[in-house]
Amino acid sequence: LALDDVQAALEAAGKAIELAPEDPRPLGLASRALTLLGRHEEAVTMGYRAVIAEPRNPLWHDRIAWALLVADRQLADAEQAARTAVGLDPNEAHYYFTHGVTLDALGHTDQARQALIISLRMEPENPVAQHRLAVLNGETVAEPERKKRGWKLFGR
């Protein structure tokens, strides 16, 4: 994934799952790769499998939150997963950021703002969180959503 070779990362994660089915890390990595490939249902499933394998790890709950957000479905479940990650590790700025994004997706702007403020207190130089908060505060406009990979309108 770090080398931006998503398909190879998915294949490597698949091999790792075969070799160590009890290890949740390959499941989480497979979930991330599947999200990047636009295979959202599979990404959510892999994320949940990682949580089942290691339910006290906030990283896997965060992974589910992002998989559901990107799939644009079950946003309440995404928010619950993000809230669980924060509860499991309240000292990690990224989990508050994820929670803020999920709250914003649900239309809970004030709560989203609070979560992003907490994230920025912990990690003040995070430009992505700064931008999200500025958008929520009306200080800047949201960037237009990028086209989905592989989408061609009428084959053009």
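Read-outs throughout are calculated quantities, based only on the coordinates presented, and are distinct from any laboratory measurement. Predicted model only: the values in this text are computed from it and were never measured. Ideal geometry is used to build each Cβ from the backbone, glycine not excepted, and the neighbour counts take in all protein chains shown.
Annotations for the structure displayed:
- On Cα atoms only, tilt of 75-88 relative to the major axis of the chain in degrees: 90 degrees
- Exposed loop sites here are GluC sites (Glu not before Pro) assigned a DSSP state other than H, G, I, E or B and surrounded by at most 10 other beta carbons within 10 Å; excluding them, the longest clear run of the chain is 23-124.
- The stretch 52-108: trypsin sites (Lys or Arg not before Pro) falling in loop per DSSP and having at most 14 other Cβ within 10 Å: Arg56, Arg73
- Debye log10 I(q)/I(0) at q = 0.17 Å⁻¹ for the chain, Cα point scatterers: -1.04
- For the chain, the longest principal axis of the C-alpha atoms and the axis of helix 6-19 are separated by about 60°.
- Considering all C-alpha pairs of the stretch 14-81, those separated by over 15 Å amount to 43%.
- By average C-beta atoms within 10 angstrom, highest first, the peptides 28-36, 112-120, 96-104: 96-104, 28-36, 112-120
- Degrees separating the helix 109-122 axis from the principal Cα axis of the chain, which is the longest one: 80 degrees
- Anisotropy class of the stretch 64-104 from Cα gyration tensor, a/c 1.5 cut: prolate
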